[in-house]
Amino acid sequence: MAIELENVLPSEIEKRSFEIITEELTQSGIVLDPEKAPVIKRCIHTSADFDYAQNLVFSENAIPRAKEAIRNGASIVTDTQMGRSGINKKRLAQYGGQVYCFMSDEDVAEKAKRDGTTRAVASMEKACELDEKLIFAIGNAPTALIHLYELIRAGRIKPELVIGVPVGFVNVIQSKELILELSDTPYIVARGRKGGSNIAACICNALLYNL
């Protein structure tokens, strides 16, 4: 059987990928909200998983509020170095923000050991010490998302946006459902087990590329 390949220039691959995504969504009868579409399509592009057209949940005005925060210099806190590496730091820096990941910091490891907790929890505690607008992009550790929820409820931190997309099986679904309970915190959450550091990063990039 002959395999027919598309003749696509390397510089056009991403554009063609988004065209295919749009075509397949249309064929499936899925109509995306124009404001949310860039985020949803980039998640599908990153994962080749069309479930993100259904499982991403956005709080009211989450996207415009997040974009406004970025324009005003908000920084991003991630729970993995992989997530940090995937975010377009140069684009974020144009607006005065930077990307933090405290998971590898020596003081975070010491605090986690001292408190008998995890680095993910200790890294959220360290984020509380930052005196700037913050977006949290959690793609790996449900414990980070759970503790962030606790810090928000305690009034210790007020994020501009919480991206809650940890992947896995243990406390993953529960951690996301906690974020969905927050009434005064903007969020983008991938309901269910799916997610990952790559999804957290691509949601950040979707916001950055569509300012």
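The values are calculated or read from the model by the stated rules, or taken from the named source; none is laboratory data. None of the values given here were measured: they were computed from a predicted structure. Don't worry about glycine lacking a Cβ; one is built from the backbone with ideal geometry, like all the others, and counts go over all protein chains shown. Side chains included, ligands, DNA and RNA excluded: accessible areas come from the protein's heavy atoms. Shrake-Rupley method; radii C 1.70, N 1.55, O 1.52, S 1.80 Å.
Details
- Among (1) surrounded by 12 or more Cβ atoms within 10 Å (Cβ to Cβ); (2) part of a loop (DSSP other than H, G, I, E, B) - the single one residue 65 does not satisfy: (2)
- When each of 110, 125, 129, 60 is tested for being open to solvent by 40 Å² or more (accessible area, probe 1.4 Å) and part of a helix (DSSP H, G or I), the lone residue that passes is 110.
- Test result for residue 183, open to solvent by 20 Å² or more (accessible area, probe 1.4 Å), among the hydroxyl-bearing types (Ser, Thr, Tyr) and within 23 Å of residue 206 (Cα to Cα): no
- The residues of region 160-180 that are open to solvent by 10 Å² or more (accessible area, probe 1.4 Å), assigned to a loop (DSSP other than H, G, I, E, B) and in contact with a helix residue (DSSP H, G or I) (Cβ under 9 Å, 6 or more places away or on another chain), listed by number, are 160, 167, 168, 170, 171.
- Search result, residues across region 68-93 that are of a type outside the set (A, V, I, L, M, F, W, C) and assigned to a helix (DSSP H, G or I): 68, 71, 81, 83, 84, 85, 86, 89, 90, 91
- Pairs linking a residue in region 100-111 that is hydroxyl-bearing (Ser, Thr, Tyr) to a residue that is at pLDDT 95 or above, with Cβ atoms under 8 Å and 6 or more positions apart or on different chains, are 100/75; 100/76; 100/77; 100/78; 100/84; 100/127; 100/130; 104/81.
- Take the conditions (1) of a type outside the set (D, E, K, R); (2) more than 19 Å from the chain's Cα centre (by Cα); (3) surrounded by 14 or more Cβ atoms within 10 Å (Cβ to Cβ); residue 80 misses just one of them, which is (2).
- If the condition is being loosely packed, with under 15 Cβ neighbours inside 10 Å and in contact (Cβ under 8 Å) with a residue 24 or more places away in the chain, then region 34-53 contributes 35, 49, 51.
- Conditions (1) modelled with pLDDT of 95 or more; (2) surrounded by fewer than 22 Cβ atoms within 10 Å (Cβ to Cβ); number of the one not met by residue 195: (2)
- Within region 16-30, the only residue that satisfies the criterion of being under 22 Å from the mean Cα position of the chain (by Cα) and either over 16 Å from residue 48 (Cα atoms) or without any contact (Cβ under 8 Å) to a residue 24 or more places away in the chain (or both) is 22.
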